[in-house]
Amino acid sequence: MCKKRLLGMFLAAMVFCAGVMGFTHVVGANAADGKNYGSMRDIPAANLLAEMTVGWNLGNTLDSHGSGAVNETQWGNPRTTKEMIDTISNKGINTIRIPVTLAENVGGAPDYTINQAWLSRIKEIVDYAFANNMYVILDAQHHDTNYWLKPIQNEAVIQKFTSLWTQIANCFKDYGDHLIFEGMNEVRTIGSANEWSGGTPEERAVINNLNEAFVRTVRNTGGNNAKRCLIISPYGNAATENAMADLRIPQNDNHIMVAIHAYTPYAFTFQPNTDWEKFTWDGSLKGDIDYVMELANRYFVSKGTPVILTEFGAVSKQITVNGATKQNTSEVIKWLKDYMSAANRYNIKCVWWDNGYYVETRNPSNEVFGIFNRYNLTWYQPEVADALIRNAKGQ
């Protein structure tokens with residue numbers, strides 16, 4: 001989210017999954033390097049999703065960019081360590097999403113070779129999560145999303161898109177079903193009238209073509225990727241009816257999930273400095289949440305395709321109570337109860353967007369979604385983290 005709304009995003013992600021149930025293991029995963037990356041179980045995506053509890057985003061880290069070379073600390077967060085991921089896991093969160101920028105680490109046509117050092121660093125952090133038996137979401141972001149949506153460039157776009165995904169898929173081919181690939185992230189036409197409202201029919205058609213190219217490319221690499229769970233997305237990951245209604249789901253493939261993003265309702269979760277901004281949660285806008293979940297159920301879940309909210313959250317805002325100023329943590333917890341209860345109704349899983357920012361002065365756009373302090377491995381908002389876990393269990 002942070003920098004996203006300002007810079008826009010690109011392509012794709014990988015997500016990884018763990019949590020073992022009593023399904024038959026069909027493919028072993030002792031890789032050429034001797035490491036065990038788990039097994040590939042031939043189970044439906046809905047069963048895999050059911051193993052997840054709640055997720056957390058390692059935001060504004062591997063996805064940071066802008067200096068001509070990707071540096072995971074340049075947006076103000078520290079270098080990721082295994083101890084960070086251990087702390088997240090020990091809290092009871094079993095899913096992690098890792099947004100990743102590829103753009104500034106990709107060579108030119110026709111090969112579009114990804115920098116191997118960057119792939120190795122991505123793999124290193126994925127392995128931190130694997131060591132904790134977690135579900136991981138690796139998501140490549142912040143690129144010229146307008147480029148991917150220009151039909152006139154369709155042939156060149158598909159060539160680059162499939163080249164990138166062939167490399168990613170081959171890099172992680174030995175990983176078991178705890179690794180999921182997410183094909184795109186908020187691909188949209190930046191600055192357009194329909195940027196956040198589901199796009200145009202033509203743009204949604206391009207998204208369908210990209211999703212199909214993604215699934216076909218990964219499947220064609222073979223090995224564990226033939227049965228790997230893949231996540232596709234509507235235009236802009238929009239939680240709007242037009243975007244959901246026009247999304248084409250691959251046929252005869254039960255290893256598919258759909259990802260949407262829903263910071264709902266925006267007046268409470270973010271929207272600063274407007275006369276309709278809300279600082280407290282009284283439930284009056286709960287219908288907005290219910291509507292999003294009902295749409296996801298109508299177009300996907302009820303038809304056999306599970307849904308995951310790979311981004312959601314609410315910023316920390318200051319409120320005044322009895323003359324004293326404090327953060328609205330208690331209000332966020334009330335909102336979380338309504339939000340996650342609605343998601344649970346349709347077995348939709350939620351992944352909190354954490355960009356590492358909590359203190360308002362560290363982020364001039366006020367996108368303070370941080371709940372975990374990566375510098376000292378403590379929690380800015382332990383009550384919110386506890387509420388995430390509690391509500392994921394339906395408590």
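The values are calculated or read from the model by the stated rules, or taken from the named source; none is laboratory data. These figures come from a predicted structure and were not determined experimentally. Don't worry about glycine lacking a Cβ; one is built from the backbone with ideal geometry, like all the others, and counts go over all protein chains shown.
Just the residues that are farther than 18 Å from Ile249 by Cα, of a type in the set (Gly, Ala, Ser) and surrounded by fewer than 16 Cβ atoms within 10 Å (Cβ to Cβ), please, taken from segment 273-314.
Hits for segment 273-314 are Gly283, Ser284, Gly287.
Could we say that Thr81 is at pLDDT 95 or above, hydroxyl-bearing (Ser, Thr, Tyr) and surrounded by 14 or more Cβ atoms within 10 Å (Cβ to Cβ) here? Reasoning before the result, please.
On the way: at pLDDT 95 or above: yes; hydroxyl-bearing (Ser, Thr, Tyr): yes; surrounded by 14 or more Cβ atoms within 10 Å (Cβ to Cβ): no.
Answer is no for this residue.
Could you grab me the full set of residues in segment 314-341 that are within 22 Å of Asn273 (Cβ to Cβ), of a type in the set (A, V, I, L, M) and assigned to a helix (DSSP H, G or I)?
Val332
Could you list, in sequence order, the residues of segment 43-78 that are outside any loop (DSSP other than H, G, I, E, B) and crowded, with 22+ Cβ neighbours inside 10 Å?
Just the residues of segment 43-78 that are outside any loop (DSSP other than H, G, I, E, B), to begin with: 45-50, 55-57.
Within segment 43-78, Ala45, Leu48, Gly55, Trp56, Asn57 qualify.
Which one of Asp174, Asp111, Asp127 is closer than 25 Å to Thr221 by Cα and surrounded by fewer than 15 Cβ atoms within 10 Å (Cβ to Cβ)?
Numbers: Asp174 fails: surrounded by fewer than 15 Cβ atoms within 10 Å (Cβ to Cβ); Asp127 fails: surrounded by fewer than 15 Cβ atoms within 10 Å (Cβ to Cβ).
Of Asp174, Asp111, Asp127, the one residue that is closer than 25 Å to Thr221 by Cα and surrounded by fewer than 15 Cβ atoms within 10 Å (Cβ to Cβ) is Asp111.
Looking at (1) within 21 Å of Tyr135 (Cα to Cα); (2) among the aliphatic types (A, V, I, L, M); (3) loosely packed, with under 15 Cβ neighbours inside 10 Å, find the lone condition where Ala343 falls short.
(3)
Do we have Asn252 as in a helix (DSSP H, G or I), of a type outside the set (A, V, I, L, M) and closer than 18 Å to Asn211 by Cβ here? Don't jump to the end; show me each part of the working.
Values: in a helix (DSSP H, G or I): no; of a type outside the set (A, V, I, L, M): yes; closer than 18 Å to Asn211 by Cβ: yes.
So Asn252 fails the test.
Run down Thr189, Thr221, Thr217 and say which single residue is free of Cβ contacts under 8 Å to residues at least 60 places away in the same chain, hydroxyl-bearing (Ser, Thr, Tyr), closer than 22 Å to Ala262 by Cβ and crowded, with 16+ Cβ neighbours inside 10 Å.
Numbers: Thr221 fails: closer than 22 Å to Ala262 by Cβ; Thr217 fails: closer than 22 Å to Ala262 by Cβ.
That would be Thr189, the only listed residue that is free of Cβ contacts under 8 Å to residues at least 60 places away in the same chain, hydroxyl-bearing (Ser, Thr, Tyr), closer than 22 Å to Ala262 by Cβ and crowded, with 16+ Cβ neighbours inside 10 Å.
Of these, Met257, Met293, which one is at pLDDT 95 or above, in a strand (DSSP E or B) and closer than 25 Å to Ile43 by Cβ?
Values: Met293 fails: in a strand (DSSP E or B).
One residue alone meets the criteria, Met257.
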